[in-house]
Structure formats: structure tokens, C-alpha cells
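Okay, so here's the structure we're looking at.
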Amino acid sequence: MLSAALTPLASRSFLITPNVGIMIWTIVVFAVSLFILRRAVFPQIGKALDDRAKTIEGEIDSAAHAREEAERLLGEYRERLKEAREQADEIVQRARQSADVHEKEAKERGRETVAEATKRAQREIEVATKRALDDLRREVADLTIMATEKVTRKTLDEADQRRLVEEALRELDFSGISSGAHDN
Amino acid sequence: MSAVAGAPPIAPGVGGAPPAEKPGMSTARKIGYAVLGAWIGGILLFVVLFGVTAHKDPDVANNIFSPVDEFKLDTWFKIGPISFNKGVLYLLITAGITLGVMLYISQRLKQRPGRLQVAVEWFYDFARRMSRENLDEGMERKYFPLIATIFVFILVTNLIGYIPLPVNSGETFKVFGAHIPSLQIYAADTNVAFPLILALSVFVLFTYEGVKHHGPIRYIKSLMPGGVSGPIVGLIFPIEILSNFLRLISLTVRLWANLLAGHLLIAFMGGELGVLVGLQLVSWFLLPFGIAIFMFEAVLIAGLQAFIFAILTAIYLGGAVESH
């Protein structure tokens with residue numbers, strides 16, 4: 001009875017009995033796979049990975065170098081910018097100072113010009129006034145002589161003319177005209 | 001019509017209250033409920049249609065049918081002494097996919113890789129790190145290809161083991177008169193021969209390296225852990241010798257048992273348990289668990305077992321030449 005129960009199990013011992021044929025197939029197929037992978041696959045993949053690693057390393061180095069260069073240039077540019085700003089400030093300062101000086105000079109010159117023009121105008125007025133007064137005196141003298149000759153119906157000699165003119169001029173007051181001209 | 005029914009709707013958020021969330025479920029939740037409903041409805045349907053009384057198939061009752069029979073290697077044809085079966089087919093598919101993908105990628109390596117190249121490069125880098133961490137430079141250069149091949153070969157073997165293929169020649173179905181093997185998920189390493197020969201190769205290699213590096217006597221002595229002296233050596237030494245040989249068995253059984261148990265579990269949960277107990281309801285009831293185990297096995301176990309085998313190979317090889 002026991003053997004009858006164990007018969008099915010015994011008949012299924014293939015599960016734990018190594019199949020020699022499969023063992024041979026396995027080792028052959030595995031060995032062929034190993035041979036091909038070792039020869040034609042692993043070296044290529046290894047080389048590709050090494051190359052990529054080298055490329056990446058190179059790119060990292062180059063990026064680090066570029067960054068250093070960029071930082072150096074940035075520093076340089078900042079320095080130059082600072083210098084340029086300082087120079088610009090200095091130029092502006094100098095320009096401002098120069099403008100102040102020029103303004104002061106121009107004002108001074110203007111003031112001098114005005115004063116000079118005023119003096120010149122005064123001189124010209126005085127000359128013109130004097131000339132006008134002389135003309136007026138001469139006119140008065142001529143009129144006086146002419147009036148006297150008509151009244152007396154005789155021609156006055158030179159001494160009478162001079163005496164008459166001086167008397168007439170003494171009686172005329174030119175001070176008002178003279179002072180008015182000065183005021184103008 | 002009532003006054004309430006004719007009243008305008010109250011705007012959300014009126015009166016300081018925050019606007020209420022849109023009523024209804026998310027799409028994922030809807031799908032979840034629909035699947036759950038279909039599953040429960042299916043259970044009820046099976047109860048109504050087939051009842052809850054077991055009706056075993058005569059083949060099952062007479063012990064003619066067994067789920068493990070799927071893993072039997074029936075010879076399909078022979079060429080001289082070489083016989084072909086589904087184990088051989090899976091080995092050839094494994095080699096074809098492994099070499100095809102790896103050769104395809106290695107011939108088209110680009111500076112800017114595509115997805116497949118990224119995956120292959122990730123695998124290569126992972127295997128390389130695994131080797132470097134456990135082996136010295138000379139050993140690493142020598143054994144990296146072996147470790148990487150073990151990793152990828154077992155990984156591909158495991159992964160294609162979760163694709164249903166018409167390889168179950170024990171159970172066939174007819175299409176236009178032709179007997180087509182029924183679909184099955186099978187992996188070459190569900191046969192103990194596959195992991196055994198690989199483990200045996202690893203065992204021979206690390207023993208060879210150990211003997212080459214230390215000499216035969218010193219190698220055997222190196223199996224002893226450091227700091228053990230005195231009479232306890234007599235006790236520890238046989239254990240260490242035994243554990244050295246047990247590496248061969250543990251390496252074999254870990255891979256084989258995990259894969260075989262995983263495939264059996266998926267088969268049981270995917271319907272075979274229902275066939276064994278003669279109750280269709282059980283098959284339907286266990287189906288979600290079968291899908292969950294399938295996902296777990298395919299996503300985690302396939303990669304994990306390949307990784308464990310490969311890293312243990314690296315550790316054993318590294319340990320063999322290590323000086324205590």
C-alpha cells in the first residue's frame with residue numbers, strides 16, 4: 001500500500017534528478033555566450049563607457065576652466081568699470097569746476113564790459129552836450145549881433161560884437177541844459 | 001411644480017463655506033471597484049453554475065494528472081545522441097536574446113544612448129561594480145566577463161520564464177488538425193540541471209583559484225575562519241569543509257527552488273488548484289492571488305535570483321584568493 005502511494009512521487013523524481021542532457025546543453029550554450037560576450041560585447045561597452053567618462057571628465061575640466069576664466073574676466077571687467085566710474089566722476093567734477101570758473105570769469109568780464117560801456121556813453125554824452133552848448137552859444141551870438149544891427153541900423157565892429165555877445169551870454173543861463181545833459 | 005423645485009441652485013461657496021469637492025470617484029478607484037465587483041460576481045456565478053460540490057476529473061482522481069508534470073522534459077526529437085526538449089529550447093532562446101541584444105547594442109553604441117543602450121550600460125556598470133567590490137584587480141579583469149555573463153544569462157532565463165509559450169507537449173490542443181502544445185510558463189532553471197552545472201562550474205573555478213593562490217594545503221587551511229585555535233579546530237574544520245561543499249548545493253538549490261516554487265505557485269493560483277480539488281470556484285477565487293504572485297516573481301525574484309547567483313560567484317572567487 002505504501003509503495004502504491006509512493007509510486008506517483010517516484011515516477012516524478014525528474015524534478016530533483018539532474019538531467020545530464022540539459023547540463024551539457026547549459027554548459028555549452030553558456031560557454032558559447034560567455035565567449036561571444038567576452039570577445040565582442042564587453043570590451044566595446046567598456047571602451048564606450050570609458051570614452052564617455054573621459055569625455056565627461058574633459059567637459060567638466062573645461063567647464064571649470066571656462067568658469068575660472070569667466071570669473072577672472074568678470075573681476076577684470078568689474079575693476080575696469082570701477083576705474084571708468086572713478087574717471088567719469090573725476091571728469092564730471094573737473095567739468096563742474098571749470099564751468100564754475102568760466103561762469104565767474106564771464107560774469108566778471110560782463111560786469112567790466114558794462115562798466116566800460118557806461119563810461120564811454122557818459123563821455124560821449126558830455127562831449128555831445130559840450131558841442132551842443134558851443135553851437136547854442138554861437139547861435140545866440142549870431143542872433144544877438146543880427147538883432148543889434150537891426151535895432152541900431154549900423155554895422156557893429158569886431159569889439160562891439162564881442163562885447164555884445166559876452167553880455168548876452170552872461171545874461172543866458174546854460175546851467176540847466178548842461179545839468180540836464182549830465183543827468184541823461 | 002413646488003417652490004423648492006423651481007428655486008435657483010445655491011452657488012457653491014456662498015456664505016463663507018469653502019466650495020465643495022466635485023462628487024464622484026477617481027478613475028482608478030472606479031476600475032478597482034469594477035474589478036472587485038467582477039471578481040465577487042464571478043464567484044457567485046461559479047457557485048450558481050457549478051455549485052460548491054467538488055467534481056474531480058478522473059485523471060486527477062486516479063493521480064494521472066499532476067501539475068509538476070508540466071516540468072517534465074519530454075524529448076521532442078533527436079539528432080544522434082543530442083536530444084531536444086523544451087529545456088533546450090529555453091536555453092537557446094535565452095542565448096539568442098542575450099547575444100542578440102548585447103551584440104546589437106555593442107555594435108551601435110552611441111555617445112547619446114537610447115533606452116536599450118542605457119539599460120545595457122547600467123547592467124554592465126552594475127556587474128563591474130559587483131566584481132570590483134569583491135575581487136582584486138587581476139581577478140576582476142579575469143572573472144568580470146564570467147560574472148556578468150552569469151548575471152545576464154540567468155536574468156534572461158528567468159524573465160522569459162514568465163512569458164507563456166506553447167511548450168507543454170504533455171497537454172495539446174488541436175488547431176486545423178494539428179496538435180499544438182498548450183501554453184505554459186516554464187524556465188530552464190526550473191530544472192535542477194541548469195543551476196547545478198553553473199554552480200558546479202563556479203565551485204570548480206573558485207577551488208582552482210584558491211589552490212593556485214595558496215597551494216593545496218594552505219587553501220584547505222584558509223577555509224578555517226581566522227582566530228580559531230586549539231581543540232575547537234577539530235570541530236570547526238569539518239564544518240568549514242562541509243560548508244564549502246554546501247556552497248555548491250546552496251547556490252544550486254536557491255536558484256532552482258525559487259524558480260520552481262514560483263512557477264508552481266503561479267500555476268496553482270492561476271487555476272490548477274481548482275482542477276486538483278475539482279472545484280472551478282477555487283480557480284476563480286485564487287486568480288487575483290495568482291496574478292499578484294506572477295507580478296512579484298517577474299518583477300522581483302527574476303532579477304534578485306540572478307543578482308544573488310552572480311554576487312555569490314564574485315564573493316566565492318574573491319574569498320578563495322583572500323589571505324586570512
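For A:LYS104, the solvent-accessible surface with a 1.4 Å probe is about 150 Å², rounded to the nearest 10.
Given R₀ = 30 Å, FRET efficiency for A:ILE125-A:GLU166 by Cβ-Cβ distance, to 0.05?
Values: r = 27 Å, r/R0 = 0.91.
Rounded to the nearest 0.05, the efficiency is 0.65.
Each label point was placed 7 Å from the Cα along the Cα-to-Cβ direction; for B:LYS212 and A:LYS82 their separation is 6.7 nm. Distance between the 7 Å Cα→Cβ label points at A:LEU49 and A:LEU133: 12.4 nm. In the range B:119-143, the residues whose accessible area drops by at least 10 square angstrom when the other protein chains are added to the isolated chain are B:VAL120, B:GLU121, B:TYR124, B:LYS142; the probe is 1.4 Å and only protein heavy atoms count.
Pairs B:LYS86/B:LYS110; B:LYS78/B:LYS174; A:LYS130/A:LYS150: which are spaced more than 32 Å apart, C-alpha to C-alpha? All intermediate terms of the calculation are to be shown ahead of the outcome.
On the way: B:LYS86/B:LYS110 37 Å; B:LYS78/B:LYS174 24 Å; A:LYS130/A:LYS150 30 Å.
Beyond 32 Å between Cα atoms: B:LYS86/B:LYS110.
Taking only the C-alpha atoms of chain B, the Rg (one decimal) and the largest Cα-Cα distance, Dmax (whole number), read 28.5, 105 Å. With a Förster radius of 35 Å applied to the beta-carbon distance between A:VAL92 and A:GLU68, the computed FRET efficiency rounds to 0.45. The candidates B:LEU265, B:LEU279, arranged from most to least accessible area with a 1.4 Å probe in the full protein assembly, appear as B:LEU265, B:LEU279.
Share of Cα-Cα pairs in the protein assembly as shown beyond 33 Å, in percent? Walk me through the numbers before you get to the answer.
Values: 88463 of 128778 pairs.
Result for the distance tail: 69 percent.
Less than 5 angstrom separates the built amide H of B:ASP74 from those of B:LYS86, all sequence-distant by 5 or more or on a different chain. Placing a pseudo-label 7 Å from each Cα along the Cα-to-Cβ vector at A:ILE60 and A:ALA40 gives an inter-label distance of 3.5 nm.
Taking the Cα centre as origin and putting +1 on Lys and Arg beta-carbons and -1 on Asp and Glu beta-carbons, what dipole magnitude results for the range B:59-320, to the nearest 20 debye? Before the final figure, lay out the partial values.
Numbers: 18 positive and 16 negative charges, 169 e Å.
For the range B:59-320, the charge dipole is close to 820 debye.
Residues whose amide H comes within less than 5 Å of that of B:VAL167, counting only those at least five positions distant or on another chain, are B:GLN184 (H built at 1.01 Å from N in the peptide plane).
Taking all protein chains as they are arranged and a probe of 1.4 Å, the heavy atoms of A:GLU79 leave approximately 100 Å² accessible to solvent. When the solvent-accessible area of the range B:62-160 is split by element, carbon and sulfur atoms take up 59 percent of it, the probe being 1.4 Å. In order along the range B:269-275, phi translates into HN-Hα couplings of 6, x, x, 5, 5, x, 5 Hz, rounded to whole numbers, per the Karplus curve 6.51 cos²θ - 1.76 cosθ + 1.60 with θ = phi - 60° and x for Gly and Pro. Each chain gives up part of its surface: A and B jointly bury about 3600 Å² of accessible area, both sides summed, for a 1.4 Å probe. Only Lys, Arg, Asp and Glu carry charge here, each on its Cβ (+1 for the first two, -1 for the last two); on that basis the range B:126-256 has a dipole of about 180 debye about its Cα centre.
Rolling a 1.4 Å probe across the protein heavy atoms gives chain A an accessible surface of 78 Å² per residue. For B:THR172, the residues 5 or more places off, or on other chains, whose built amide H falls under 5 Å of its own are B:SER182.
About the Cα centre of the range A:17-183, what is the dipole size in debye to 20, counting +1 per Lys and Arg Cβ and -1 per Asp and Glu Cβ, all else neutral? Write out the running numbers ahead of the final one.
On the way: 30 positive and 35 negative charges, 206 e Å.
I would put it at about 980 debye.
When you restrict to C-alpha pairs under 8 Å that are six or more residues apart and normalise by the size of chain B, the relative contact order lands at 23 percent. Residue-normalised convex hull volume from the C-alpha trace of the range A:31-184: 210 Å³ per residue. In the range B:59-320, taking the dipole from charged Cβ atoms about the Cα centre, the farthest positive-side position among B:ILE232, B:LEU198, B:ALA320 is held by B:ALA320. Shape of the range B:20-168 from the C-alpha gyration tensor: oblate (a/c of 1.5 or more and a/b not above b/c, with a ≥ b ≥ c the square roots of its eigenvalues). Under 15 Å from a label point set 7 Å out along the Cα-to-Cβ vector of B:ALA54, the amide N atoms of the range B:240-275 belong to B:272-275.
Got a sec? What order do A:PHE42, B:PHE65, B:PHE173 fall in by accessible area at 1.4 Å, biggest, i.e. largest, first? Show your work: numbers first, answer last.
Working: A:PHE42 10, B:PHE65 45, B:PHE173 90 Å².
These residues rank, largest area first, as B:PHE173, B:PHE65, A:PHE42.
Per residue of B:110-117, other chain Cβ atoms within 10 Å of the residue Cβ number 1 on average.
What angle, in degrees between 0 and 90 and rounded to the nearest 10, separates the Cα long axis of helix B:232-267 from the longest principal axis of the Cα atoms of chain B? That helix lies at roughly 30 degrees to the long axis. For B:VAL60, the solvent-accessible surface with a 1.4 Å probe is about 20 Å², rounded to the nearest 10.
Can you give the local net charge around A:GLN97? Use residues other than it whose beta-carbon is closer than 13 angstrom to its beta-carbon, Lys and Arg +1, Asp and Glu -1. Don't skip to the answer; put the middle values down first.
Values: positive: A:ARG94, A:ARG96, A:LYS104; negative: A:ASP89, A:GLU90, A:ASP100, A:GLU103, A:GLU105.
Local charge sum for A:GLN97: -2.
Of all the options A:GLN97, A:GLN161, A:GLN122, the one that moves most in a Gaussian network model of chain A with Cα springs shorter than 10 angstrom is A:GLN161. Mean-square fluctuations from a GNM of chain B, with a 10 angstrom spring cutoff on Cα atoms, peak among B:ALA61, B:ALA188, B:ALA127 at B:ALA61.
Placing a label point 7 Å from the Cα of B:PHE126 along the Cα-to-Cβ line, the residues of the range B:157-192 whose backbone N sits under 17 Å from it are B:157-162.
The values are calculated or read from the model by the stated rules, or taken from the named source; none is laboratory data. This is a predicted model, so every value here is computed, not measured. Because the Cβ atoms are built from the backbone with ideal geometry, glycine has one as well, and the counts that use them run over all protein chains shown. Ligands, DNA and RNA are stripped out before the accessible areas are found, and what is left, the full protein with its side chains, is counted by its heavy atoms. Shrake-Rupley method; radii C 1.70, N 1.55, O 1.52, S 1.80 Å.
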